[in-house]
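**Student:** After the structure tokens below, expect a handful of questions from me.
Coordinate-derived values only; no laboratory data. Keep in mind that what you see is a predicted model, and the values were worked out from it rather than measured. Please note: Cβ atoms are built from the backbone with ideal geometry, for glycine as well, and neighbour counts cover all protein chains shown.
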Amino acid sequence: MPVAGLALLLAACGTEQPSSPGPASPDAVTIAMENYRFEPATADVRVGQTVRWENRSTGQHNAVAKKGADFKSGLFGAGGSFEWRAERAGTVTYICTIHNPPMEGTLRVR
């Protein structure tokens, strides 16, 4: 690969850095990841509402549905976040695959 092409490819890949939480939708349900727990551990969500997980600790975390939904975030560090939109009513259980247990949570979607 020519040097210019390689430089362009490397620039496009970038480096992995924590994303900034940025402004959440005013209607979003925010779940903090801190002290190896989801806070709140159980949250009520409306169909169509966004759920936003925010990493407020120093370690890496993720949010992965176990039952009732199909979402799987990548790993994200301090200050990073992940969003998912609830599309149907039901109970969703999820975990952080790195710290399970004790990082387990439940969404009651109505």
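**Student:** Taking region 85-99 on its own, how many of its residues are more than 12 Å from Met33 (Cα to Cα) and in a loop (DSSP other than H, G, I, E, B)?
**Tutor:** Looking only at that region, the number is 6.
Residue by residue, here is whether (1) among the aliphatic types (A, V, I, L, M); (2) assigned to a loop (DSSP other than H, G, I, E, B) holds:
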| residue | (1), (2) |
| --- | --- |
| Trp53 | no, no |
| Ala69 | yes, yes |
| Glu83 | no, no |
| Pro101 | no, yes |
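**Student:** Further question: Test each condition in (1) over 16 Å from Arg37 (Cβ atoms); (2) touching a residue at least 24 places away in the same chain (Cβ under 8 Å) for Leu75 and report the one that comes out false.
**Tutor:** For Leu75, the exception is condition (2).
**Student:** Considering only region 94-110, state which residues are aliphatic (A, V, I, L, M) and buried (at least 20 other Cβ atoms within 10 Å of the Cβ).
**Tutor:** Across region 94-110, the qualifying residues are Met103, Leu107, Val109.
**Student:** Same structure again: Applying the selection to region 28-43, what residues are under 17 Å from Glu104 (Cβ atoms) and not β-branched (Val, Ile, Thr)?
**Tutor:** Ala32, Met33, Glu34, Asn35, Tyr36, Arg37, Phe38, Glu39, Pro40, Ala41, Ala43
**Student:** Does region 103-110 contain at least one residue that is touching a Lys or Arg at 6+ places or on another chain (Cβ under 9 Å) and assigned to a loop (DSSP other than H, G, I, E, B)?
**Tutor:** Yes, region 103-110 contains a residue that is touching a Lys or Arg at 6+ places or on another chain (Cβ under 9 Å) and assigned to a loop (DSSP other than H, G, I, E, B).
**Student:** Does any residue in region 42-66 that is within 12 Å of Phe82 (Cα to Cα) and touching a residue at least 40 places away in the same chain (Cβ under 8 Å) come within less than 6 Å, Cβ to Cβ, of a residue that is acidic (Asp, Glu) and part of a strand (DSSP E or B) six or more places away or on a different chain, and which pairs are these?
**Tutor:** Within 6 Å, no pair qualifies.
**Student:** Here's another thing I want to ask about it. Residue check, Thr91 against (1) over 19 Å from Ser25 (Cα atoms); (2) buried (at least 17 other Cβ atoms within 10 Å of the Cβ), all met but one. Which one?
**Tutor:** Looking at each condition in turn, Thr91 falls short on (2).
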